[in-house]
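**Student:** If you scroll down you'll find the structure; I have some questions about it.
The values are calculated or read from the model by the stated rules, or taken from the named source; none is laboratory data. The structure presented is a predicted model; accordingly, all values stated were derived computationally and were not measured. To get the accessible areas, we keep the full protein, side chains included, count just its heavy atoms, and leave off ligands, DNA and RNA. Shrake-Rupley method; radii C 1.70, N 1.55, O 1.52, S 1.80 Å.
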Amino acid sequence: MQLIRELGLNTYPTYGEGEHIAEIRTTRAQYTGRIPKLNPLVLADIGQTQYRLDRIARQVAAAEPWRAPQAEELDRQTFDTWLHRTARTPGGRDFFRLITEAVFSNEPEDMSALWATFYVARRMGSTSSSTSPAGPSRTASSAEHSASRSNWPRNSATGSSSTPPSPTSTGSPQPPPASASPRAAASPSAPSAPPSPSRRRSPPGSATPPACPATATSSSSGCRWAASSRSTSPTRSRSGDTPNLSGQANSTHRPFGTVLDNTPHDGSCGVLVGFLEGRHADTGSRMDPDERRAQVINDLVGYFGPKARNPIAFIERDWAQEEYSRGCYGAFAVPGALTRFGPALRRPVGPLHWG
């Protein structure tokens, strides 16, 4: 929020009126609030799993998780292994898989259970997560405007950044927001986590700590395709045939598993933004553009009805191809990485310090 104020930008509340859509396995629910209306047994299972995750997270030091009492045990297993041992129902496990894809842009079997609890500890409880990854507010100006105000030169043809920030600039360098996604500007409350070591670029002449090359093979960035669909109607009924939908939709079986309202503050057009995440992003990267667009549109029609079939504009972004982020929107650690190489994640590299 401080950076937004420094850039002279304004914010407006993220739209959340109306009903959200959740598809968990074979159940489709339209709901308001934070938690979908699901089978009572599945809801109870989600609650007890969340309680156990929060309880472990309270024991994990937010700054140095490798020193936690259960660090070795947690770091020997994937988050998927932990979920299968803790969640009792398929629906409960699928719910947390959906959350993992939305938050980390990867699958539970990709990352360490210790990393998952570390993230929850930084968020002060997994209850702060729901099936919506959107923040409470977003900037009223465009991502391109924000980039230019913060001295990030951008390629006019691709919208991608053309040069890195100076290592001598104040604060840690951050990648510019992707033009097809509001995530960077819309989530000011996202926790500060160290970037993937594979993304770090040491200042000229500086000595890279010996452990950093090892962490580069033990940490990774999430994989995500972002796509925006624009319609002519500025009203909220653009989400489909039912006018009282919020534009938020999540699914455990559709590749386009997370969709959010991204309509400009002035209501000049209706915009939905969504993501292919984790394994779905991997599959999407092997599709040609027309095939990928068809997949996204088919999923939007499945969520919102036939009015979503013919958008007036369609924009996509492969965040894995962004030169300085190499994925999005943060890093995760594979099993064994935090307990073996954790201290290297905090060690300064010349003038660079990691938050």
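**Student:** By how many nm would the segment from ASP288 to VAL334 lengthen if fully extended, with 0.36 nm per residue of separation less the alpha-carbon distance? Could the numbers behind the result be given before it?
**Tutor:** Details: separation 46, 0.36 × 46 = 16.56 nm, distance 3.00 nm.
Extra length from ASP288 to VAL334 when fully extended: 13.6 nm.
**Student:** Tell me the Rg and the Dmax, in Å, that the Cα atoms of the range 235-355 produce.
**Tutor:** According to the Cα coordinates of the range 235-355, Rg and Dmax are 18.7, 56 Å.
**Student:** Oh, and also: Gap in Å between the Cα centre of the range 258-315 and the Cα centre of the range 11-81?
**Tutor:** 25 Å
**Student:** Along the range 31-36, what does the Karplus equation 6.51 cos²θ - 1.76 cosθ + 1.60 (θ = phi - 60°) give for ³J(HN,Hα), rounded to whole Hz, x for Gly and Pro?
**Tutor:** Values per residue, Gly and Pro as x: 8, 10, x, 9, 10, x Hz.
**Student:** Okay, next question. With a 1.4 Å probe and all protein chains left in place, how much of the accessible area of the range 1-113 comes from carbon and sulfur atoms, in whole percent? All intermediate terms of the calculation are to be shown ahead of the outcome.
**Tutor:** Values: 2860 of 5790 Å².
Of all accessible area on the range 1-113, carbon and sulfur atoms account for 50 percent.
**Student:** Mind listing the long-range amide H neighbours of LEU245? Cut-off is under 5 Å, sequence gap 5 or more, other chains count too, H placed in the peptide plane at 1.01 Å from N.
**Tutor:** HN-HN under 5 Å from LEU245: GLU19.
**Student:** I've got another one for you. Expressed as cubic angstrom per residue, what is the convex hull volume of the alpha carbon set of the range 65-113? Don't skip to the end; give the middle numbers.
**Tutor:** Working: hull volume 3.5 nm³, N = 49.
Taking the convex hull of the Cα positions in the range 65-113, it is 71 Å³ per residue.
**Student:** Same structure again: Can you tell me the accessible area per residue over the range 1-70, all protein chains present, probe 1.4 angstrom, in square angstrom? Walk me through the intermediate numbers first.
**Tutor:** Values: 4280 Å² over 70 residues.
It amounts to 61 Å² per residue over the range 1-70.
**Student:** Just to verify a number: what accessible area does ARG138 come out at with the full protein assembly present, 1.4 Å probe, Å² rounded to tens?
**Tutor:** Accessible area, nearest 10 Å²: 10 Å².
**Student:** Quick one: work out Rg over Rh on the C-alpha atoms of the range 25-76, Rh as Kirkwood radius. Spell out each step's value before the answer.
**Tutor:** Numbers: Rg = 15.7 Å, Rh = 13.5 Å.
Radius of gyration over Kirkwood radius for the range 25-76 works out to 1.17.
**Student:** Once you have a ≥ b ≥ c as the square roots of the Cα gyration tensor eigenvalues for the range 1-123, tell me rounded if a/c is under 1.5, and otherwise prolate or oblate according to whether a/b is larger than b/c. Walk me through the intermediate numbers first.
**Tutor:** Working: a/c = 2.25, a/b = 1.08, b/c = 2.09.
Oblate, since a/c reaches 1.5 and b/c is not below a/b.
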